[in-house]
1. Considering only the other residues whose Cβ falls under 14 Å of the Cβ of VAL226, what net charge follows from Lys and Arg at +1 and Asp and Glu at -1?
2. Using a 10 angstrom cutoff on alpha carbons, build the Gaussian network for the chain and name the most mobile of GLY221, GLY66, GLY85.
3. What distance in nm lies between label points placed 7 Å from Cα along the C-beta direction at ARG130 and ASP100?
4. Give me the net charge of PRO194's neighbourhood, meaning all other residues with Cβ under 13 Å from the Cβ of PRO194; Lys, Arg count +1, Asp, Glu -1.
5. Based solely on C-alpha atoms, express the radius of gyration and the Dmax of the stretch 1-55 in angstrom.
6. Suppose R0 equals 35 Å. What FRET efficiency, 1/(1 + (r/R0)^6) with r the Cβ-Cβ distance, do ASP217 and ALA21 give to the nearest 0.05?
7. Please state the equivalent ellipsoid semi-axes for the stretch 25-147: what are the square roots of 5 times the Cα gyration tensor eigenvalues, largest first, in whole Å?
8. Can you tell me which of 162-170, 41-49, 22-30 comes out highest on packing, and rank the rest after it, using the mean Cβ neighbours within 10 Å?
Amino acid sequence: MDYDLTAIPAVYDRGRDHGPAVLNLWMSVIDSHVDAGSISTILDLGCGTGRFSEGLANRFGARVVGVDPSEKMLEQARRKRQGNGIHYERGTAEAIPLVDGAVDMIFMSMSFHHFHDPRQAAWECRRVLRADGNVVVRTGTRERIPSYPYVPFFPSTRSMLEDLLPDRDRVCTVFETAGFRGVESLIVTQTIAPTWVAYADKLSAGGDSVLARLTEDELAGGLEAVRRYDTESSGQPVVEPIDLFFFR
């Protein structure tokens, strides 16, 4: 999807940012699986609105370069940037605008499925990463689709996600073919809303590129079903599993 042809960037954070507790969860998990002392420069590849850029800079005390093909997304990222150690630049994963060996770690969040040529992107990661650097891939996968909380309420999204998302083996093969070694993979479960009503409000913001493909009637019907489900859930929070891969 070309986000610059949509209104999604302006509302992306309203629908996809889950607050400081979730950000801290991800930073803690990443920190526990890499050598933080060896990381001084991080590439946030497919950074979007910079949801993770600030957290990466603060957690690792590192300079962060955020790269994304969408100028509208980058405008949002620059608008909320707080630190001087974060720089945003337009570019693609297949032609990363950095010199060889420029970064110590590459982080990508929910961007792998947007790459036009994942194999070329992996080779580009190999090029700009220093020797023995880390690649951290946070992504949706086909294996996780049945557990995604909105899928039962929007039936047509299942096939959309199956067409869009890679399976776990595909992610591993792409990076291993480019000379990376898979270090570890895990599933991280994040709380994305305190109630199903709050979750419906987040979905209605319009920040999800899959839901953006639905008809108005299907979207409205699904949102109403999510809100009704709040009573059945007995006030339970909404959680979502996300795959996380570490390569070196």
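1. For residues surrounding VAL226, the net value is -4.
2. GLY221
3. With each label point 7 Å from Cα toward Cβ, the separation is 1.7 nm.
4. Taking every other residue near PRO194 into account, the sum is -1.
5. In Å, with Rg to one decimal and Dmax whole: 13.7, 40.
6. Working: r = 35 Å, r/R0 = 1.00.
Efficiency, from the Cβ-Cβ distance: 0.50.
7. Semi-axis lengths for the stretch 25-147 are 19, 17, 17 Å.
8. On the way: 162-170: 15.0, 41-49: 26.0, 22-30: 17.2.
Sorting 162-170, 41-49, 22-30 by mean packing, highest first, produces 41-49, 22-30, 162-170.
Quick note: the coordinates plus some simple rules give every number you see, no bench work behind them. Since we're looking at a predicted model, the values are computed, not measured. Neighbour counts are summed over all protein chains in view; Cβ atoms, including those assigned to glycine, are modelled from backbone coordinates with ideal geometry.
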